[in-house]
Amino acid sequence: MANVRIKCAQTIQTIIEDKVFFAELKNDFGEKDLPFANMLILTALRHWTGLNEILRTFLKKKIPHKHRTAQYLLLLAIAELVFMETAPYAVINETVKNVRAVSDKFLSGMANAVLRKITGDIDFWREKLQIINPLPASFLPLLKGYDTAQIEQIAQSVFEQPRTDISVKSNPEQWAKKLNAEILPNGSLRLHDAAKISSMEGYENGDWWVQDVAASLPVMAMGDVKGKKVVDLCAAPGGKTAQLLAGGAEVIAVDISADRLEKLRQNMQRIGFEEKVQIICDDALDFLHTTEDEAFDAVLLDAPCSATGTFRRHPEVLHIKTTDDVIQQAKIQQQLLENSARIVKKNGIILYSVCSIAQAEGELQIDNFLNQHKNFKILPITDADIKISGLIQNKGWVRTLPYHLQQDGGMDAFFICKLQRII
Ligand SMILES: C[S@@+](CC[C@H](N)C(=O)[O-])C[C@H]1O[C@@H](n2cnc3c(N)ncnc32)[C@H](O)[C@@H]1O
């Protein structure tokens, strides 16, 4: 496993230094090493703030920049010692050897000493890693608008491993039995074992698709879409497109990314909806500019965003996204909302959603839109629409947070608002 650990260190270095999502990186771990690599990288990212803090306490001076792969190896080794079941001697031996290979003798000696100290009281360090606040200082400004108790619960949920949810075309009870899954109040199924999704019954036939429970709520909030002409503006990979089609809407799916649209096309083909949907590869803004006024009954704007609401699945967002990203995405969202307003018929709706925890991309975005567009109002979402209570806020929009549905294993953070054109 020597090489797999070096590859993990290089991967995490790319994620942190180049600010990219782990899922976006092409991995070359191979089938045998992939589960180990995924587990190690995600565990380390969930505890990244704490691991760095602990390592700092052991170091008399900073590890030179040119040897930072060795530093990543050490951080991963601490995570592996504390949270995984590998024998400590194997972690220490492999790491010392790997540190030597990527840096020098001095650092490999230091790695040996640090890891032996950690091994001396693993329970102590595990407990410490559960206490250290996992939210880095750079992320705290993104949580503006939440109170201290909420921020504490958000922080705790960083340590939780998310469950896998699926949306079914029909018969949730039957599928829950077949897949040994739990039915959530809105009809999503939560899998107990999601190790081999693509070989599970019903996947190949397109009877269901993977979709976090929170991600299924925007289309549910739209209400009855049967026979409605809907444009899904940022559609790929198509979870919400599939829901719209299952609800009987006439759908145009637009996305800027050809690769992601190909994934959408494959998903629609698997689910049996390929013939029903029109797929357009375009910048949504260009699409809006070339669309005539009042062309649609509804716009689904599942807008590009910081994706900070998905930190349980992608813990790296906590370390790679900053206020600048939110400001940049909020500008794009504002333009997309602004231009969507024109293509919706009178009484038609814009369903706006983002998988962001930052209120600047959700609540504030909508307040700002309504100040500028007196011809729109919020059409309050109801518990009857989304079938999960406790998520609807006073203004009629939905804010989900990672600790909602906690007893069942939480959910992604989403903001969802239904706007109606009244003039
Ligand atoms: C949050 S994902 C959408 C998820 C999708 N609605 C679903 O439910 O499966 C955001 C999508 O927006 C697309 N996107 C980003 N900027 C865009 C733009 N300017 N125009 C159209 N699509 C865009 C991305 O390629 C990405 O597929």
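Near Gln335, once Lys and Arg are set to +1 and Asp and Glu to -1 for all other residues with Cβ below 15 Å from its Cβ, the sum equals -3.
In this simple spin-label approximation, Glu294 and Glu182 carry label points 7 Å from Cα along the Cα→Cβ vector, and these lie 4.8 nm apart.
Going by average Cβ neighbours within 10 Å, how do the peptides 338-344, 307-313 rank, with the highest at the top?
Ranked by mean Cβ neighbours within 10 Å, highest first: 307-313, 338-344.
If you look for lysine pairs in the stretch 2-131 that are eight or more places apart or on different chains, how many of them have Cα atoms under 20 Å apart? Close lysine pairs found across the stretch 2-131: 18.
Shape of the stretch 212-421 from the C-alpha gyration tensor: rounded (a/c under 1.5, with a ≥ b ≥ c the square roots of its eigenvalues). Loop-located GluC sites (Glu not before Pro) across the stretch 234-319 with a Cβ neighbour count of 10 or fewer within 10 Å are Glu292, with loop assigned by DSSP. Find out how many positive minus negative residues lie around Gly272, taking Lys and Arg as positive, Asp and Glu as negative, among other residues whose Cβ is under 14 Å from that of Gly272. Result for the neighbourhood of Gly272: 0.
The packing ranking, built from the mean of other Cβ atoms within 10 Å per residue, places the peptides 198-210, 38-50 in the order 38-50, 198-210, highest first.
Each other residue within a Cβ distance under 14 Å of Leu189 adds +1 if Lys or Arg and -1 if Asp or Glu, for a net charge of -2.
The mean accessible area for residues of the stretch 121-191, using a 1.4 Å probe and ignoring ligands and nucleic acids, is 52 Å² per residue. The stretch between Glu127 and Lys331 holds 69.3 nm of extra length on full extension. This uses 0.36 nm per residue minus the Cα-Cα distance.
Is it possible to state the helix-based mean residue ellipticity at 222 nm for the chain, with each DSSP H run of 4+ residues giving -39500 (n - 2.57), the sum divided by total residues, to the nearest 500 deg cm²/dmol? What is it? Intermediate results must be reported in sequence, preceding the final value.
Numbers: 17 runs with 195 residues, N = 423.
Helix contribution divided over all residues of the chain: -14000 deg cm²/dmol.
Please report, as a whole percent, how much of the solvent-accessible surface of the chain comes from carbon and sulfur atoms (probe radius 1.4 Å). C and S atoms contribute 49 percent here. From the square roots a ≥ b ≥ c of the eigenvalues of the alpha-carbon gyration tensor of the stretch 293-399, which class results: rounded (a/c under 1.5), prolate (a/b over b/c), or oblate? Verdict is oblate for the stretch 293-399.
May I ask you to compute the full-extension gain from His67 to Gln269, defined as 0.36 nm times their residue separation minus their alpha-carbon distance, rounded to one decimal in nm?
Full extension of this stretch gives 67.9 nm more.
When the chain is described by a simple charge dipole with +1 on each Lys and Arg Cβ and -1 on each Asp and Glu Cβ, the residue from Leu51, Ala235, Cys305 located farthest towards its positive end is Leu51. Applying a length cut-off of 27 Å (Cα extent along the axis) and a mean Kyte-Doolittle floor of -1.0 to the DSSP H helices of the chain leaves 323-343. Note on Lys229/Phe58: beta-carbon distance plugged into 1/(1 + (r/R0)^6) with R0 of 60 Å gives a FRET efficiency of 0.45.
For the peptides 75-81, 135-141, 375-381, the ranking by packing is 75-81, 375-381, 135-141, with the highest mean count of neighbouring Cβ atoms within 10 Å listed first. Think of each Lys and Arg Cβ as +1 and each Asp and Glu Cβ as -1; about the Cα centre, that makes the dipole of the chain roughly 1080 debye.
Go through Val102, Met220, Leu179 and say which Cα lies farthest out towards the positive end of the charge dipole of the chain; charges sit on Cβ, +1 for Lys and Arg, -1 for Asp and Glu. Highest projection toward the positive end goes to Val102. Can you figure out the FRET efficiency of Asn375 with Gln174, using R₀ = 41 Å and their beta-carbon distance, to the nearest 0.05? Using R0 = 41 Å, I get an efficiency of 0.35. Please give the FRET efficiency for Lys345 paired with Thr382, using the beta carbon to beta carbon distance and R0 = 35 Å, rounded to the nearest 0.05. The value I calculate is 0.95. Ranked from largest to smallest solvent-accessible area, with a 1.4 Å probe on the protein heavy atoms, Cys281, Cys355, Cys417 come out as Cys281, Cys355, Cys417. Distance from the alpha carbon centroid of the stretch 47-61 to that of the stretch 392-423 works out to 36 angstrom.
The modelled label-to-label distance for the pair Ile197/Asp408, using points 7 Å beyond Cα in the direction of Cβ, is 1.8 nm. If the chain linking Asn3 and Asp324 were pulled fully straight, counting 0.36 nm for each residue of separation and taking away their Cα-Cα distance, it would gain 112.0 nm.
Accessible area per residue for the stretch 212-421, computed on protein heavy atoms with a 1.4 Å probe, is 38 Å². Of Gln372, Gln333, Gln359, which is the most mobile in a GNM of the chain whose springs link Cα atoms less than 10 angstrom apart? Greatest mean-square fluctuation among the candidates belongs to Gln372.
With a ≥ b ≥ c the root eigenvalues of the C-alpha gyration tensor of the stretch 228-315, is it rounded (a/c under 1.5), prolate (a/b larger than b/c) or oblate? Oblate shape, in that a/c is at least 1.5 and b/c is the bigger or equal ratio.
The values are calculated or read from the model by the stated rules, or taken from the named source; none is laboratory data. Quantities reported herein were computed from a predicted structural model and do not represent experimental measurements. FYI the Cβ positions are ideal-geometry reconstructions off the backbone, even for glycines, and counts take in every protein chain you see. Surface areas here come from the heavy atoms of the whole protein model, side chains and all, with no ligands, DNA or RNA. Shrake-Rupley method; radii C 1.70, N 1.55, O 1.52, S 1.80 Å.
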